[in-house]
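The values are calculated or read from the model by the stated rules, or taken from the named source; none is laboratory data. None of these values were measured; they are calculated from a predicted model. Heads up, the Cβs are rebuilt from the backbone with ideal geometry, glycines too, and the neighbour counts pull from every protein chain shown. Side chains are part of the model used for accessible areas, which takes the heavy atoms of the whole protein and leaves out ligands, DNA and RNA. Shrake-Rupley method; radii C 1.70, N 1.55, O 1.52, S 1.80 Å.
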Amino acid sequence: SFLIVFPIGFVGRGLITCTLPGGTKGGRMVSVGIDDVAIHFPRLYFDMEDFAKLRGADFGKLNRGLGLAAMAIPDVHEDTATMGANAVRRLIDRNGMDPSTIGRIYLGTESALDGSKPTATYIMDMLEQRYAPTHGKDCFRNCDVVDLTFACIGAVDAMHNTLDWVARGGEDKGRVGIVVFADNAKYDIGSSGEYTQGAGGGAILIRHNPRLLEIPDIWGVSTMPVHDFFKPRREVDTRTIVENVLDLARESGEKVREGLAERILKHLPRSSKKDDVMFENPTLQIHKDTPVFDGQYSNRCYSESVKQAFINFRIKAIREGRYDPESDEILTEQWSRIIVHLPYAFQGKRMFPDVFRHDRRHLPMWEGIVSEIGPEPFPEDFPDTPEGLEEFEKANDSYRRLISKTAEFKQFVDDRIEKTTRASSLIGNQYTGSIFLALMSSMESDYIENVDMTGEKLGLCGYGSGAKAKVFEGEVQPQWREIASRFHLFERLSSRHPINKTIYEALHRGSRKRSVVKPSDEFALVAIGGEGQLEGQREYRWVE
């Protein structure tokens, strides 16, 4: 942190002082961070035991092995925008905020509703409907909104950016920002990722002198361009579509003439008067909400990214004088809770052995672990070939599992990670919001159990496929109990509506057209397109 002083132009009338985030202003430390967090999740859930029966899966493995109990499923009237807007509404009402004081609403999502129009603008549209009668129709006119996308780390990026913006404004300007996260974590039916599904939205209030969590401006970052998980633009050959239709006709007993596909393609119109689609293009482009992914490779990318981001954070903390490796306790022992991205509840404890190992290699206790599970593998122990690299990765995966079974690591998980997983078990993956769901889960659990967390440090590790990780730190503030007491997270989770397999698959396919639970006291999607509307235009409304 440092102070920049420079003249205004060349007139010599004064000086501007600019304080960068985490620095000082007038001799005082700039304190910015999370003031409050609100979350919205669907009222519907599919029980994991019912899912296991539906797919012939081992419920014990899903539940005890991965920590899964239920997955949140959006109803017909819910989407990314409604879940985000409902969370922001909860945050604004709970804090009695004037919308005109909100300088920005930045959305982190990988479930955007449009390839051009930001989903954040749909959220603003709903908020304007809700607050215009009391605060005027232009109450959000001067609010900056945008979407940020980097798989599951988009909301962390949005928060990082907003923290900088609030801090740079200085305490006197009183900048206030809201970071929104909203996603529907949806996978193809029958795929290996289907059991990790979940959904939800949330809103994070960022301002000076936060009541919940102060976040210093030290961020460890690791980025590497990989293809572990992505949602590509897919192309389908037009001829293949026609042939598949004819094959289905044959299977149903219909007589289909030979060469019919060629004749159909030959006589397809060059364009449609209705939508001007050019059929001379031999392929059709489609987009799917479900990803292409390599689960094992993605786990390795997650583990390596978080480890490298942790190393980068440690270097920066030493450089900034916030950590002394010679006299201070190791970082992961300083952090009372460790909050990580959870694509499934037990992902944290499965992936964190790499950081646990790196942080303890130089300690006497590590010799005891090595004597118990054997020496760790290193890349140089294997041939410098693609096959050798694959052998190392498999050996390292096995060693990571061995670390996770040691008494030392199990105690570490019980003390620092376990509380973060409780809500994830009941909701599933929230993509960009899963790290903040873990934060709320931990803080509400500590509040319920009357644990005094004031002044304690939390380590936070965000991850997004593609791939990037960010490690940062938070310090729990004196008013945290007041804020956590209003979450009511587990109370609300206990009052959801279960669905059966038929409804689950109908919602997944999009074939159900009527809401399972009628919307009430919430924003809802009421129409897409229709008479007098442009194609694909989405209409939302507040439903009493």
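Of the residues contained in region 396-412, none is found to be in contact with a Leu (Cβ under 9 Å, 6 or more places away or on another chain) and either open to solvent by 10 Å² or more (accessible area, probe 1.4 Å) or acidic (Asp, Glu) (or both). The residue pairs whose first member lies in region 359-379 and is modelled with pLDDT of 95 or more and aliphatic (A, V, I, L, M), whose second member is surrounded by 13 or more Cβ atoms within 10 Å (Cβ to Cβ) and part of a loop (DSSP other than H, G, I, E, B), and whose beta carbons are closer than 6 Å, counting only pairs six or more residues apart or on different chains, are 369/406. Residue 86 versus (1) in contact with a helix residue (DSSP H, G or I) (Cβ under 8 Å, 6 or more places away or on another chain); (2) buried (at least 19 other Cβ atoms within 10 Å of the Cβ): which is the lone unmet condition? Failed condition: (1). Any idea how many residues of region 92-108 are farther than 14 Å from residue 143 by Cβ, in contact (Cβ under 8 Å) with a residue 60 or more places away in the chain and out of contact with any helix residue (DSSP H, G or I) (no Cβ under 6 Å at 6 or more places or on another chain)? The number of residues fulfilling the criteria is 2. Taken over region 105-159, the criterion of being over 21 Å from residue 39 (Cα atoms), of a type outside the set (D, E, K, R) and either open to solvent by 70 Å² or more (accessible area, probe 1.4 Å) or part of a helix (DSSP H, G or I) (or both) is satisfied by 115, 116, 132, 133, 134, 135, 142. Please indicate, with yes or no, whether at least one residue in region 90-103 is under 30 Å from residue 189 (Cα atoms) and either surrounded by fewer than 20 Cβ atoms within 10 Å (Cβ to Cβ) or of a type in the set (Gly, Ala, Ser) (or both). Scanning region 90-103, I find no residue that is under 30 Å from residue 189 (Cα atoms) and either surrounded by fewer than 20 Cβ atoms within 10 Å (Cβ to Cβ) or of a type in the set (Gly, Ala, Ser) (or both), so the answer is no. When region 39-97 is limited to residues that are assigned to a strand (DSSP E or B) and β-branched (Val, Ile, Thr), the one that is nearest to residue 509 (Cα to Cα) turns out to be 73. If you go through region 446-457 and keep only what is touching a Phe, Trp or Tyr at 6+ places or on another chain (Cβ under 8 Å) and among the polar types (S, T, N, Q), you end up with just 454.
The test for being more than 30 Å from residue 225 (Cβ to Cβ) and exposed (fewer than 15 other Cβ atoms within 10 Å of the Cβ) does not hold for residue 446. The residues of region 188-205 that are open to solvent by 10 Å² or more (accessible area, probe 1.4 Å) and out of contact with any Phe, Trp or Tyr (no Cβ under 8 Å at 6 or more places or on another chain), listed by number, are 188, 189, 190, 191, 192. Selection over region 25-53 of residues that are at pLDDT below 95 and open to solvent by 70 Å² or more (accessible area, probe 1.4 Å) gives a count of 4. The residues of region 199-231 that are under 17 Å from the mean Cα position of the chain (by Cα) and farther than 19 Å from residue 461 by Cβ, listed by number, are 199, 200, 201, 203, 205, 230, 231. Considering only residues that are of a type outside the set (D, E, K, R) and either in a helix (DSSP H, G or I) or surrounded by 12 or more Cβ atoms within 10 Å (Cβ to Cβ) (or both), which ones fall in region 240-255? Across region 240-255, the qualifying residues are 240, 241, 242, 244, 245, 246, 248, 249.
Scanning region 415-437 turns up one or more residues that are touching a Gly at 6+ places or on another chain (Cβ under 6 Å) and either under 16 Å from residue 355 (Cα atoms) or open to solvent by 70 Å² or more (accessible area, probe 1.4 Å) (or both).
The set of residues from region 208-258 being out of contact with any strand residue (DSSP E or B) (no Cβ under 8 Å at 6 or more places or on another chain), within 30 Å of residue 453 (Cβ to Cβ) and β-branched (Val, Ile, Thr) is empty.
A count restricted to region 506-515 and to residues that are within 26 Å of the chain's Cα centre (by Cα) and either open to solvent by 70 Å² or more (accessible area, probe 1.4 Å) or touching a residue at least 12 places away in the same chain (Cβ under 8 Å) (or both) stands at 4. A count restricted to region 294-345 and to residues that are open to solvent by 40 Å² or more (accessible area, probe 1.4 Å), in contact (Cβ under 8 Å) with a residue 40 or more places away in the chain and part of a loop (DSSP other than H, G, I, E, B) stands at 3. Selection within region 225-239: residues that are of a type in the set (D, E, K, R) and open to solvent by 100 Å² or more (accessible area, probe 1.4 Å). The member of this set that is nearest to residue 115 (Cα to Cα) is 233.
Evaluate the following for residue 509: is it under 27 Å from residue 293 (Cβ atoms) and out of contact with any helix residue (DSSP H, G or I) (no Cβ under 8 Å at 6 or more places or on another chain)? So residue 509 passes the test.
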